[in-house]
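Worksheet: one structure, shown below.
The values are calculated or read from the model by the stated rules, or taken from the named source; none is laboratory data. Computed from a predicted model, the values in this text were never measured in an experiment. Cβ placement follows ideal geometry from the backbone for every residue including glycine, while neighbour counts extend to all protein chains displayed. We work out accessible area using only protein heavy atoms, side chains counted, and drop any ligands, DNA or RNA first. Shrake-Rupley method; radii C 1.70, N 1.55, O 1.52, S 1.80 Å.
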Amino acid sequence: MGIIAIYPGTFDPITNGHSDIIARASQLFDQVIVAVAASTAKNTAFSTDERVELAQQVLVQHGNVEVQRFEGLLAHFVRACGAKAVLRGLRAVSDFEYEFQLAGMNKRLVPEADTIFMPTTEHYSYVSSSLIREIASLGGDVKEFVHPIVNAALVERVGKRINASKP
Ligand code: ADP
């Protein structure tokens, strides 16, 4: 079966920064499971099914990458998959403190898996889903930062919002 890595996140929506991490990880691990969090405290722009579907479409060319939704605790999902690694991307030092705490807690909850940090490719260091959503909602062009399918989904979603907010 080989070594499985789980790449968990909200992916609201998946960006080129995420795809870059996933492409690089797919060279290192036998299988990468992109785990889309269904239970999130965040108020997401896209539903869990939409976030999963967008990631699946964007990542279709990677034979050893799979997208799955997960509910509840990540540690339970990691164990159920038999994964040895939890993959997280680091963009800046400011990401580190929270990520380090999360890694420590996950190690405690699921000792058989380790967190692996991958540094972002420099030109994606300022790309985040939240910033992408904000720019798109203000009518900015984000096609440099996301897959064309995601760009289309954002334009459609934002367009609807703008129309809905008109009196
Ligand atoms: P979460 O809500 O768990 O932070 P995200 O969907 O925002 O989930 O991100 C998932 C993972 O991808 C996190 O480890 C995050 O640090 C990483 N990530 C996000 N954007 C980038 C990027 N541009 N380059 C590298 N890693 C990134």
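For segment 126-143, the set of residues classified as touching a residue at least 24 places away in the same chain (Cβ under 8 Å), surrounded by 14 or more Cβ atoms within 10 Å (Cβ to Cβ) and within 18 Å of Ser19 (Cα to Cα) consists of Val127, Ser128, Ser129, Ile132, Arg133, listed by residue number. The criterion of being more than 10 Å from the ligand (Cβ to nearest atom), under 18 Å from Val86 (Cα atoms) and either open to solvent by 30 Å² or more (accessible area, probe 1.4 Å) or at pLDDT 95 or above (or both) holds for Gly2. Among residues of segment 70-89 that are in contact (Cβ under 8 Å) with a residue 12 or more places away in the chain, those with a beta-carbon under 6 Å from a residue that is within 13 Å of the ligand (Cβ to nearest atom) and assigned to a loop (DSSP other than H, G, I, E, B) at least six positions away or on a different chain give the pairs Glu71/Ala38; Glu71/Ser39; Gly72/Ser39; Gly89/Thr120. Confirm whether Ala41 is within 10 Å of the ligand (Cβ to nearest atom), under 30 Å from Val155 (Cβ atoms) and without any contact (Cβ under 8 Å) to a residue 12 or more places away in the chain. So Ala41 fits the description; yes. Taken over segment 83-100, the residue count meeting the criterion of being more than 13 Å from the ligand (Cβ to nearest atom) and either open to solvent by 20 Å² or more (accessible area, probe 1.4 Å) or among the hydroxyl-bearing types (Ser, Thr, Tyr) (or both) is 1. If Val146 satisfies all but one of (1) part of a loop (DSSP other than H, G, I, E, B); (2) open to solvent by 30 Å² or more (accessible area, probe 1.4 Å), what's the number of the condition it fails? Only one criterion is unmet by Val146, namely (2).
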